[in-house]
Amino acid sequence: MKTIEEINEKIRKGQAVIVTAEEMLEVVKKKGEVKAAKEVDVVTTGTFGPMCSSSIYLNFGHPAPRIKIGGGTCFLNGVPAYAGLAAVDVYLGATAIPPDDPKNLYYPGEFSYGGGYVIEELVSGRSILLEATSYGTDCYPRKELRSYFSLKNINEAILFNPRNCYQNYNVAVNSSDRMLYTYMGILKPNFGNANFCSAGVLSPLLRDPEYYSIGIGTKIFLGGGIGYVAWHGTQHNPSVERTSEGVPKRPAGTLAVIGDLKQMNGEFLRGASFVGYGVTLIVGIGIPIPVVDEKVAFWCGIPAEKMFAPVVDYSKSYPERKPDILGEASYAELFSGSIKVGERTIPTGALSSFVMARKIAGILKNWISSRSFELTNPVAKLPGKESGVKMKGFETKEKIQ
């Protein structure tokens, strides 16, 4: 057993052995988990994909005269931000779109602008148009504000993402005879393609399947800067079917993460528009996993052939809640370019970027090696498979006509 403090001491002395999750596969394969656990101190992971449940909250500072945006309206580059917080605090979601420009919701082939793009532009140093209204009070008499701002001239800009880093996810296919436009991308009719969204062997929670190391307070790479795990994410669902090694075979855990947007950059936070669905934010996250014992080394050595995702027919599963699972595919198959479903061979496509995930894991490795990033002990564990935490569907007692 090693402790995180012992590993941090090795990092400070420049003696720690840090490898990426890809590199750890080879170490475990050649030496086994016992020797790997003795030799390796930290495994770095990475993921870079669309994560709709992402957002920022901002504090502009007070103009003269003051204005109470809270209770009024706020638009950032024409995109509505939530103003029901306080005088000059606002919240912008990645999927927000202008009320008069929902192009890709109705016209497949056209792309909309929305919250994800505003976040990318803001973090890239561009100026954003703020338009706000208020009803006016004695202490906040101003009723309108129109001005440009950038990250440099506002007080705080915080990235807060309620659900990121999904631990495994669906492989989306379409058995119907028409094209489907979904959050998993365009699905061609008659099983024309299969889309998946995961970094596979580099994916953080697939390398810590039972939340042994990653917990509340874990320090992470977030959007090119430093962030933290703030809580378990929404739709956290650890009580799912798992392999004999303990890896979930269905969408399972999620993370809520937080960090200073002013430290981040547009390379690792990018707006995106899914035709026929809407706008999202592509987020880059890297999480270090301390190799404190053989169990961690074992999990970090599980190959792609032993990690499985469910193949789901989106023509039947949506808008219905219960997924129509047609089978399972290993991540080795998914990254090979095609999977077998029954007698069909279906070409695969990744919505996440493995190249960028690899880059993130490498950057995090370099940060730790250069002694500029140390590990943190979680202050609390994430709810695990024995916690009884399950994702629930919304049920109504009365139908609304």
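Bear in mind these aren't lab numbers, they're just calculated from the coordinates by the rules spelled out. All figures in this text were calculated on a predicted structure; none of them were measured in a lab. Counting neighbours? That spans all protein chains shown, and the Cβs are built from the backbone with ideal geometry, glycine included.
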Work through the residues other than Ser239 whose Cβ is under 14 Å from its Cβ and net out their charges, Lys, Arg +1 and Asp, Glu -1.
-> +3
Using 7 Å Cα-to-Cβ label points, what is the Lys322/Lys31 separation (nm, one decimal)?
-> 5.0 nm
For Tyr148 and Lys13, what does the FRET efficiency come to when R0 = 41 Å and r is the distance between their Cβ atoms, rounded to the nearest 0.05?
-> 0.30
Unit charges on C-beta of K, R, D, E only; dipole of the range 286-361, Debye | 200 debye
Over every pair of different alpha-carbon atoms in the chain, take the mean of 1/r and invert it; report that Kirkwood radius in Å.
-> 22.4 Å
Kirkwood radius from Cα pairs of the range 55-158 plugged into Stokes-Einstein at 10 °C, 1.306 mPa s, gives D in µm²/s equal to 113 µm²/s
Longest exposed-site-free window of the chain, the sites being trypsin sites (Lys or Arg not before Pro) in a DSSP loop that have at most 13 other C-beta atoms within 10 Å | 14-177
Gap separating the Cα centres of the range 229-266 and the range 32-49, nearest whole Å = 19 Å
Total charge dipole magnitude, the range 55-158, about the Cα centre, Cβ charges on Lys, Arg, Asp, Glu only, Debye to nearest 20 | 300 debye
Which longest run of the chain has no exposed loop site in it, a site being GluC sites (Glu not before Pro) in a DSSP loop with at most 11 other beta carbons within 10 Å, and the site itself not part of the run?
-> 1-240
Stretched out fully, how many nm does the piece from Thr345 to Asn377 gain, at 0.36 nm a residue minus the Cα gap?
-> 7.0 nm
When the helices in the chain are scored as -39500 (n - 2.57) per DSSP H run of 4 or longer and the sum is shared across all residues, what 222 nm value do you end up with, to the nearest 500 deg cm²/dmol?
-> -5500 deg cm²/dmol
Between Lys295 and Tyr82, what FRET efficiency follows from the Cβ-Cβ distance if R0 is 51 Å, with the result rounded to 0.05?
-> 0.75
